[in-house]
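The values are calculated or read from the model by the stated rules, or taken from the named source; none is laboratory data. No experiment lies behind these values; they were computed from the predicted model shown. Here the Cβ is made from the backbone with ideal geometry for all residues, glycine too, and neighbour counts use every protein chain on show.
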Amino acid sequence: MPKGVHWIQQRVDRLEPDQNQVILDNRTAVSYDYLVVAAGIQLNWKDVKGLKETLGKNGVCSNYSFEHAPYTFECIRNLKAGNAIFHNPHTPVKCGGAPHKIMYMAADYFRKHGVLNKINIQYWSGGTRLFSIPDYEKTLLEVCKRGNIDLHFYQKLEEIDGPSKRAKFVGFGPDNKEVETWVHFDMIHVTPPQSAPDFIRHSPLANSGGWVDVDKHSLQHVRYPNIFSLGDSAGLPTSKTGAAIRKQAPVLVENLLAAMKGIALAASYDGYTSCPVLTGYGKLMLAEFDYNNQRKETFPFDQSKERWSMYALKRYVLPWLYWAKILPGTA
Ligand SMILES: Cc1cc2nc3c(=O)[nH]c(=O)nc-3n(C[C@H](O)[C@H](O)[C@H](O)COP(=O)(O)OP(=O)(O)OC[C@H]3O[C@@H](n4cnc5c(N)ncnc54)[C@H](O)[C@@H]3O)c2cc1C
């Protein structure tokens with residue numbers, strides 16, 4: 001915590017922007033001149049029937065649960081044959097790559113241990129395609145081919161029956177009619193549906209999707225000029241990542257200082273985000289792009305290819321960069 005910051009260790013229960021105050025869950029009101037909202041994203045485990053009850057057992061795992069993430073590797077390590085399902089929900093998520101990078105890692109693990117041809121890997125996604133940028137998608141489609149991964153799109157996970165190892169997906173058929181499919185799994189990695197936190201989505205700060213309604217370039221609220229937002233809670237049409245926040249933070253700070261001085265907001269965020277997609281052991285594709293889905297790459301080579309150098313960057317350099325440079329705000 002930086003010096004001079006008074007850290008109030010209490011949950012915010014309600015936002016009252018017309019009164020310039022937030023109400024804490026002990027009913028204390030805290031007033032402000034300027035407010036920065038950065039409360040992250042909410043994991044809605046309960047939106048999939050049966051999921052909470054079975055998570056961490058019956059082959060149901062998720063890297064989105066701190067407590068249950070180690071069980072993911074247990075499931076992968078113990079699987080010698082059968083169906084391995086990897087799910088991506090129909091909502092925005094934090095780290096769009098996370099639901100599939102675990103699948104590519106699992107496929108490579110199965111290959112290394114000689115069981116890939118006995119395992120039927122399936123990707124069930126609420127999205128419409130594998131990745132929104134064609135060059136990156138091309139590489140990932142090749143990775144799927146290499147892992148014999150079956151792809152299913154437009155599919156919403158509705159229910160998990162842990163004890164009988166079945167998952168119910170609802171998709172849309174060619175005539176736009178809902179089609180229900182029960183799939184048997186031996187393991188399933190679930191990414192929970194996600195939303196803005198309830199205290200934001202039920203507040204006057206929310207846009208129609210529930211996120212903090214900020215201008216996508218200045219990060220200033222569109223109705224309350226003394227409020228700014230960044231990170232996963234902000235209504236920014238880009239992939240929600242820590243890498244994106246690294247570029248948003250300096251813009252927000254510059255514009256907040258300008259607002260305090262009563263001068264024009266000059267800094268602009270272009271939607272930059274980055275997704276280090278692990279595609280196997282020692283292999284990574286470093287996707288970097290902006291609001292227009294234009295590639296915004298850091299290195300002077302084609303980053304749409306899988307590379308060991310990008311794996312080394314993720315494994316050895318980024319953790320140091322995060323703690324030593326990004327958190328103190330110097331990178
Ligand atoms: C499995 C996984 C892999 C990922 N991989 C990557 C990656 O490789 N690269 C990358 O850049 N990003 C990655 N991400 C995404 C990244 O972690 C998030 O985008 C980032 O942490 C979001 O930061 P944030 O500050 O907006 O929210 P958070 O880090 O979630 O912080 C929000 C804070 O707000 C607090 N809060 C929430 N509600 C309240 C309340 N009512 N009152 C008071 N405080 C509250 C929370 O306690 C928390 O401290 C990954 C995420 C996951 C889950």
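Can you name the condition, by its number, that LYS52 falls short on among (1) more than 16 Å from the ligand (Cβ to nearest atom); (2) under 30 Å from VAL22 (Cβ atoms); (3) under 19 Å from the mean Cα position of the chain (by Cα)?
(3)
Just need a number here: residues in segment 125-152 that are out of contact with any helix residue (DSSP H, G or I) (no Cβ under 9 Å at 6 or more places or on another chain) and within 21 Å of LYS80 (Cα to Cα).
Residues in segment 125-152 being out of contact with any helix residue (DSSP H, G or I) (no Cβ under 9 Å at 6 or more places or on another chain) and within 21 Å of LYS80 (Cα to Cα): 1 in total.
A quick yes/no check of all residues on (1) touching a residue at least 40 places away in the same chain (Cβ under 8 Å); (2) among the aliphatic types (A, V, I, L, M); (3) surrounded by 11 or more Cβ atoms within 10 Å (Cβ to Cβ):
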| position | (1), (2), (3) |
| --- | --- |
| LEU15 | yes, yes, yes |
| ASP18 | yes, no, no |
| ASN26 | no, no, no |
| ALA38 | yes, yes, yes |
| VAL60 | yes, yes, yes |
| ASN63 | yes, no, yes |
| GLU67 | no, no, no |
| ILE76 | yes, yes, yes |
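State whether one or more residues within segment 107-114 are part of a helix (DSSP H, G or I) and either within 16 Å of the ligand (Cβ to nearest atom) or not assigned by TED's automatic domain parsing to the domain that holds ASN63 (or both).
No - not one qualifying residue is present in segment 107-114.
Residues that are within 11 Å of the ligand (Cβ to nearest atom) and crowded, with 19+ Cβ neighbours inside 10 Å: does segment 250-270 have at least one? Walk me through how you get there before you give the answer.
Let us first name the residues in segment 250-270 that are within 11 Å of the ligand (Cβ to nearest atom), namely none.
No, the conditions are met nowhere in segment 250-270.
Conditions: (1) out of contact with any helix residue (DSSP H, G or I) (no Cβ under 9 Å at 6 or more places or on another chain); (2) closer than 25 Å to HIS221 by Cα; (3) more than 9 Å from the ligand (Cβ to nearest atom); (4) in the same structural domain as THR238 (by TED's automatic domain parsing). SER31 meets all but one. Number of the miss?
It fails just one condition, (1).
Condition (residue is in contact with a strand residue (DSSP E or B) (Cβ under 9 Å, 6 or more places away or on another chain) and under 17 Å from PRO276 (Cα atoms)) applied to segment 119-130: is it met by at least one residue?
Yes, there is a match, as at least one residue in segment 119-130 is in contact with a strand residue (DSSP E or B) (Cβ under 9 Å, 6 or more places away or on another chain) and under 17 Å from PRO276 (Cα atoms).
In segment 261-316, which residue that is more than 17 Å from LYS240 (Cα to Cα) and assigned to a strand (DSSP E or B) is farthest from the chain's Cα centre (by Cα)?
The extreme case among them is ARG307.
When you scan segment 68-81, do you find a residue that is among the aromatic types (Phe, Trp, Tyr), within 11 Å of the ligand (Cβ to nearest atom) and in the same structural domain as LEU151 (by TED's automatic domain parsing), even just one?
No - not one qualifying residue is present in segment 68-81.
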